[in-house]
Amino acid sequence: MKNKFAVLLALSAYIPTAGAHSLAIESYGFISGLTHPFMGLDHILAMIAVGIWAAQMGGSMLWRLPLSFIGMMMVAAFIGACGFNLPSSELLIAGSVICLGLLLALAIRLPVNLSMLLVGLFAVFHGYAHGLEMPQAASALFYGSGFVVATALLHLSGVVLGKITYRQQLLSRLSGAIITIAGLYLFTAV
């Protein structure tokens, strides 16, 4: 399973550049979007945490939580790209990392709809930042596609990590504690 995941990640990172000028700009937009979530520890931790939490909960939550995050993230990215203001977004992002870490560390299982709502709320903060930070020269469609793919890969890596650590509850909870501590650091650094 680990080898298949590594191959998938490596293949997704290889995107040949286009020769035509307009295609090069579109490729730039996709690559910018693809790399953006990997540029911030807050985004990486939150998206991996969603995957781990989905694995902890199991069943349909394996796809429901990541899709809830991705769907709301796309809506919020559009809002951010349109120039709307979300005050204290960096604090909210750091707070989402703390909350997700606590959910993992304490192995909290919420009802399906509440879990999806909570993850969707966290996605609003992250999506807003993605949209706000979109380069002006980038195509919104290609940039957005890039960060959706990156987010899905981070969720998938979290699910794989969650599946690996699920049988070792101490490891699963330890991953949540580490994410919580990192979130607290991010919160104080804002």
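What follows is calculated from the coordinates using simple rules that are stated; it is not laboratory data. All values reported here derive from a predicted model rather than from experimental measurement. All Cβ positions, glycine included, derive from the backbone under ideal geometry; neighbour counts span all protein chains shown.
What nm value, rounded to one decimal, do you get for the distance between PHE78 and ILE178 when each label is placed 7 Å out toward the C-beta?
According to this spin-label approximation, the distance is 3.7 nm.
The range 29-50 to the range 139-167: how many Å between their Cα centroids?
Each part reduced to its Cα centre gives a spacing of 8 Å.
Just to confirm the number: angle between the C-alpha axis of helix 169-189 and the first principal axis of the chain, 0 to 90 degrees, nearest 10?
50 degrees
Which value in nm describes the separation of the simple spin-label points at TYR185 and PHE38, placed 7 Å from the Cα toward the beta carbon?
About 2.0 nm, to one decimal.
Could you give the alpha-carbon Rg of the range 118-166 over 2.2 N^0.38 Å, rounded to two decimals? Could you put the intermediate results ahead of the total?
Working: Rg = 13.3 Å, N = 49, 2.2 N^0.38 = 9.7 Å.
So the range 118-166 has a normalised radius of gyration of 1.38.
Working from Cα positions, state the angle (0 to 90°, nearest 10) between the long axis of helix 41-57 and the longest principal axis of the chain.
Between helix and principal axis, roughly 50 degrees.
Among 104-110, 90-96, 117-123, 172-178, what's the highest-first ranking by average C-beta atoms within 10 angstrom per residue? Each step should come with its number before you reach the end.
Values: 104-110: 16.1, 90-96: 19.7, 117-123: 21.4, 172-178: 18.0.
The peptides rank, most packed first, as 117-123, 90-96, 172-178, 104-110.
With a Cα-only, solvent-free Debye model of the range 135-190, what are the log10 I(q)/I(0) values at q = 0.16, 0.26 Å⁻¹?
For the range 135-190 at q = 0.16, 0.26 Å⁻¹, log10 I(q)/I(0) is -0.72, -0.94.
In sequence order, what are the phi-derived ³J(HN,Hα) couplings for the range 111-117 according to the Karplus relation 6.51 cos²θ - 1.76 cosθ + 1.60 with θ = phi - 60°, rounded to whole Hz, with x for glycine and proline?
Residue by residue, the range 111-117 yields x, 3, 5, 5, 4, 5, 5 Hz.
Roughly speaking, what % of Cα-Cα pairs in the range 41-189 are separated by over 21 Å, rounded to a whole number? Intermediate results must be reported in sequence, preceding the final value.
Details: 4325 of 11026 pairs.
For the range 41-189, the share of Cα pairs beyond 21 Å comes to 39 percent.
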